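This report concerns only the one structure given below.
The values are calculated or read from the model by the stated rules, or taken from the named source; none is laboratory data. Nothing here was measured: the structure is a model prediction, and the numbers come from that model. Reconstructed Cβ throughout: ideal geometry from the backbone, glycine too, with neighbour counts over all protein chains shown.
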Amino acid sequence: MFTFHTPKALLIAAMSLAVSVQAQTVLTFGGSDAIGSLLDRQNIRYTACVNDKAGGRLKINFIQGEQLGSDVQVIEQMMQGSVHIYGDVLDWYANWVKDYAILAWGFTFRDADHLQKFLDSPTYTAMAEKLRKEQGLRILAAAPTQPRILFSKKPVTALADLGGVKMRVPEIKTYLTLWETLGTRPSRLAWGEIYLGLKTGVVEAAEGPISSAFAAKFHEAAPNVTRTDHLMSSAHITVNEKAFLALPPDLQKLMTDCAVDAVQNTRKAAQAETEDVVRKMVSEGAKVSNIDKAPIQQRAKEGVTKMEKDGAWTPGLWDQIQKL
């Protein structure tokens with residue numbers, strides 16, 4: 001009978017390895033944007049940043065596309081804690097904190113700098129704090145990205161051309177009301193269903209951020225592209241508050257720093273890509289045109305009073321933003 005003696009150094013190393021494996025925290029990152037899109041690339045960058053710098057103590061598992069469901073479903077999973085991180089646009093949070101609805105009301109922001117001023121304001125900080133306290137969601141970083149534009153089966157050259165058009169909009173009340181105000185017949189489809197919906201005629205038009213819509217090939221199914229630039233889109237990375245607070249301070253800082261890096265990189269990429277993507281759409285057969293926005297802006301502005309009476313957002317918020 002033989003007795004084997006494990007050298008003390010090897011025993012200590014084995015114990016250290018076991019502790020290291022046990023100490024690793026794995027967080028699920030739910031995406032919902034098209035693979036290869038601007039926001040998808042942002043989320044990949046964030047995942048790599050955290051995983052590369054966490055020293056094996058923290059691992060982000062990023063699940064691309066809509067494998068976990070629609071935006072609303074992923075956010076609900078994040079609230080429940082089965083998903084820990086989510087990165088997309090801020091507008092979706094209007095389902096839980098009504099003032100976020102202002103981000104989805106057309107022609108509210110003049111440009112990216114105007115939106116950034118709002119994101120840096122005490123008003124926005126209060127909105128983010130309300131989301132954290134009431135829904136357990138902490139926004140780590142946010143920034144403006146690209147304008148949202150219109151894709152349609154038939155040309156849209158004036159406000160009148162929107163009358164009666166079957167228009168896909170996100171499941172956000174403000175989007176629905178805006179496009180009703182502009183004369184369309186809004187229809188709800190998940191982002192991943194829009195291309196087929198346009199192709200088959202279930203919907204006749206859709207809108208979205210330029211790069212995301214290009215990645216989803218909207219321009220192939222609806223080749224009339226109109227630079228309405230009606231909304232300035234956003235990018236953000238948010239984490240479940242309990243999951244975040246369960247991490248040691250240095251990993252909390254790492255997650256925050258990586259979020260700021262990823263989101264600001266997305267803003268820079270968005271600015272550089274916008275015109276390039278427009279050129280690509282044209283080269284692939286799309287007809288890109290501008291439109292006289294003044295009549296559309298006036299119609300959208302007329303809806304602000306109604307929205308505030310209906311409680312869509314805090315009364316006076318739209319006027320407050322215009323003064324920034």
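Assorted remarks:
- Odd one out for Met127, checked against (1) within 24 Å of Ala270 (Cα to Cα); (2) modelled with pLDDT of 95 or more; (3) under 18 Å from the mean Cα position of the chain (by Cα): (1)
- Residue satisfying all of: in region 137-158; of a type in the set (A, V, I, L, M) and outside any strand (DSSP E or B); surrounded by the most Cβ atoms within 10 Å (Cβ to Cβ) among these: Val156
- Total residues in region 50-86 satisfying the condition of being closer than 22 Å to Ala34 by Cβ and either in a strand (DSSP E or B) or of a type in the set (Phe, Trp, Tyr) (or both): the figure is 6.
- The requirement of being under 25 Å from Ala141 (Cβ atoms), surrounded by 14 or more Cβ atoms within 10 Å (Cβ to Cβ) and at pLDDT below 95 is fulfilled nowhere in region 280-303; no residue meets it.
- Filtered residues of region 184-194 (kept if in contact (Cβ under 8 Å) with a residue 24 or more places away in the chain, surrounded by fewer than 20 Cβ atoms within 10 Å (Cβ to Cβ) and out of contact with any Ser or Thr (no Cβ under 6 Å at 6 or more places or on another chain)): Gly192
- Among residues of region 286-324, those that are of a type in the set (A, V, I, L, M, F, W, C) and not in a loop (DSSP other than H, G, I, E, B), counted: 9
- All told, Arg168 falls short of being among the basic types (Lys, Arg) and touching an Asp or Glu at 6+ places or on another chain (Cβ under 7 Å).
- Taking the numbered list (1) buried (at least 20 other Cβ atoms within 10 Å of the Cβ); (2) of a type in the set (A, V, I, L, M, F, W, C); (3) closer than 22 Å to Leu245 by Cβ; (4) touching a residue at least 60 places away in the same chain (Cβ under 8 Å) in turn, Leu38 passes all entries but (3).
This table checks each residue for (1) modelled with pLDDT under 95; (2) within 15 Å of the chain's Cα centre (by Cα); (3) polar (S, T, N, Q); (4) farther than 25 Å from Thr305 by Cα.
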residue: Gly69; (1), (2), (3), (4): yes, yes, no, yes
residue: Met79; (1), (2), (3), (4): no, no, no, yes
residue: Ile85; (1), (2), (3), (4): no, yes, no, yes
residue: Asp91; (1), (2), (3), (4): yes, yes, no, no
residue: Tyr100; (1), (2), (3), (4): no, yes, no, no
residue: Ala104; (1), (2), (3), (4): yes, yes, no, no
residue: Asp111; (1), (2), (3), (4): yes, no, no, no
residue: Asp120; (1), (2), (3), (4): no, no, no, yes
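- Of the strands (runs of 3 or more DSSP E) lying entirely inside region 159-266, those containing at least 3 residues that are of a type in the set (A, V, I, L, M, F, W, C), within 22 Å of the chain's Cα centre (by Cα) and under 21 Å from Gly31 (Cα atoms) span 224-240.
- Against the test of being within 28 Å of Thr274 (Cα to Cα) and either in contact with an Asp or Glu (Cβ under 6 Å, 6 or more places away or on another chain) or crowded, with 22+ Cβ neighbours inside 10 Å (or both), the options Asp99, Asp113, Asp88 yield a single qualifying residue, Asp88.
Results for (1) aliphatic (A, V, I, L, M); (2) within 14 Å of Leu231 (Cα to Cα), shown as yes or no for each residue.
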| residue | (1), (2) |
| --- | --- |
| Asp111 | no, yes |
| Gln116 | no, yes |
| Leu131 | yes, no |
| Pro144 | no, yes |
| Ala160 | yes, no |
| Gly164 | no, no |
| Lys173 | no, no |
| Ala206 | yes, yes |
| Pro209 | no, yes |
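- Filter result for the condition that a residue is surrounded by 13 or more Cβ atoms within 10 Å (Cβ to Cβ), within 30 Å of Thr181 (Cβ to Cβ) and among the charged types (D, E, K, R), over Glu308, Glu275: Glu308
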